[in-house]
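To keep things clear, I will list the structure first and then write my remarks on it.
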Amino acid sequence: MNKPALAMQSKAKIRIGPAGWSYKDWEGVVYPQKASAKFDPLEYLARFFNTIEINSSFYRPFTISTANSWARRVGEAADFLFTAKLHRVFTHERGKATDGDEKAVREGLDALAGKGKLGALLIQFPWSFKNTDDERLYLMKLLERFREYPLALEVRHLSWNNPQIYEWLEELGVGICNIDQPLFKKSVKPAALTTSQVGYVRLHGRNYQDWFREKAPRDDRYNYLYSLDELEPWITRIKEIAAKTKESYVITNNHFRGQAVVNALEIKSTLEEERVVAPAPLFEKYPTLIDSAIPDPADVETEPTLFS
């Protein structure tokens, strides 16, 4: 198989955006409360961000037709690139992946790459994936299996924080994902590591109460809004990562009630050193966003009651 071409480098070295775009609780918060039938949340977010992480691919592979649809819907944003999470059968259900699973994953990824819209493939493992002989062997085979894509590896257990691991990833040309998560004794801590020309940052929030709670709904785990003070150290790290890479992705995964969008906009504003354009509905629930952003004039025209 030919290696899918890494999408053309853009003028924007640092790419910022949320994880996902299809959330019911974003209606009336990020998106208009009563949007028309023609409203497209993906096209809408691509007005404000130059990347979005596809998280649905973690639960099921996306098809060729879906990849083509996504590429078309962000077509007005020529600078836009997706990242995608590898299907969980390869990371959270280890040993269960079939040839059919791999074929399905590749079909969607190759279609997106063929449209020039795939920036990176994120391989995300859970905290339970630890640095043992068996797990290293599994990881080695998995990275080899998907080596033709621009890869970024996310591990959450502190046992992986090892110089030899980072040297190994650098030899393979696999990027390392720097994460912000609730910190426990054996959790990977915030860093500004790079092991390839692809830099990656994921901010999960700091909801200590629900992070490891077995029955906590997904939304509860990611219910957290970073303050500007909490984001400030990450701004420094992001700049360090960008200085050592060709393309860096900053993904906010604290998606509950649109908080990922708020924090992504605040990061973008801080890096660009100016207020940025933002979805107008956000300002009603998050009025302090006005310090970092201005409401999209197109939204204000359609929803004048928000700013009257």
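The values are calculated or read from the model by the stated rules, or taken from the named source; none is laboratory data. Remember, it's a predicted structure, so these values are computed and weren't measured experimentally. No Cβ is skipped: glycine too gets one built from the backbone with ideal geometry, and neighbour counts run over all protein chains shown. Heads up: the accessible areas ignore ligands, DNA and RNA and are worked out on the full protein's heavy atoms, side chains in. Shrake-Rupley method; radii C 1.70, N 1.55, O 1.52, S 1.80 Å.
Hey, among the residues in the range 19-28 that are part of a loop (DSSP other than H, G, I, E, B) and of a type in the set (Gly, Ala, Ser), which one's most open to solvent (accessible area, probe 1.4 Å)? Among those that are part of a loop (DSSP other than H, G, I, E, B) and of a type in the set (Gly, Ala, Ser), it is 22. In this structure, residue 72 does satisfy being open to solvent by 20 Å² or more (accessible area, probe 1.4 Å), farther than 26 Å from residue 254 by Cα and of a type outside the set (Phe, Trp, Tyr). Restricted to the range 198-232, and to residues there that are of a type in the set (A, V, I, L, M, F, W, C) and at pLDDT 95 or above, the residue that is farthest from residue 287 (Cα to Cα) is 198. Examine the range 80-100 for a residue that is among the β-branched types (Val, Ile, Thr), closer than 28 Å to residue 161 by Cα, touching a residue at least 60 places away in the same chain (Cβ under 8 Å) and buried (at least 22 other Cβ atoms within 10 Å of the Cβ), and state whether such a residue exists. So far as the range 80-100 goes, yes, one or more of its residues are among the β-branched types (Val, Ile, Thr), closer than 28 Å to residue 161 by Cα, touching a residue at least 60 places away in the same chain (Cβ under 8 Å) and buried (at least 22 other Cβ atoms within 10 Å of the Cβ). Pairing residues of the range 185-206 that are within 16 Å of residue 226 (Cβ to Cβ) and without any contact (Cβ under 8 Å) to a residue 40 or more places away in the chain with residues that are open to solvent by 20 Å² or more (accessible area, probe 1.4 Å) and aromatic (Phe, Trp, Tyr), at Cβ distances under 7 Å and at least 6 apart in sequence or on separate chains, gives 206/224. Inside the range 29-48, residues that are in a loop (DSSP other than H, G, I, E, B) and either closer than 17 Å to residue 297 by Cα or modelled with pLDDT under 95 (or both) make up a count of 13. With respect to the conditions (1) under 30 Å from residue 69 (Cα atoms); (2) more than 19 Å from the chain's Cα centre (by Cα); (3) not polar (S, T, N, Q), residue 133 falls short on a single one, namely (1). Residues in the range 119-157 that are in contact with a strand residue (DSSP E or B) (Cβ under 8 Å, 6 or more places away or on another chain) and farther than 23 Å from residue 249 by Cβ were compared, and the one that is least open to solvent (accessible area, probe 1.4 Å) is 131. Listed by first and then second residue, the pairs with beta-carbon distance under 9 Å, at least 6 apart or on different chains, first residue in the range 120-148 and among the hydrophobic types (A, V, I, L, M, F, W, C) and assigned to a helix (DSSP H, G or I), second open to solvent by 80 Å² or more (accessible area, probe 1.4 Å) and modelled with pLDDT of 95 or more, are 140/172; 143/172.
When residue 249 is tested against (1) farther than 19 Å from residue 21 by Cβ; (2) in contact with a Lys or Arg (Cβ under 6 Å, 6 or more places away or on another chain); (3) not hydrophobic (A, V, I, L, M, F, W, C), exactly one condition is not met: (1). Screening 158, 151, 193, 172 for residues that are over 30 Å from residue 112 (Cα atoms) and either modelled with pLDDT of 95 or more or among the small types (Gly, Ala, Ser) (or both) leaves exactly one candidate, 158. Considering only the range 287-294, I want to know if a residue exists there that is closer than 21 Å to residue 187 by Cα and at pLDDT 95 or above. Looking through the range 287-294, none of the residues is closer than 21 Å to residue 187 by Cα and at pLDDT 95 or above.
Scanning the range 254-278 for residues that are open to solvent by less than 10 Å² (accessible area, probe 1.4 Å) and touching a strand residue (DSSP E or B) at 6+ places or on another chain (Cβ under 7 Å) gives 254, 255, 260, 261, 263, 264, 265, 267, 276, 278. Looking across the range 101-118, not a single residue is open to solvent by less than 10 Å² (accessible area, probe 1.4 Å) and basic (Lys, Arg).
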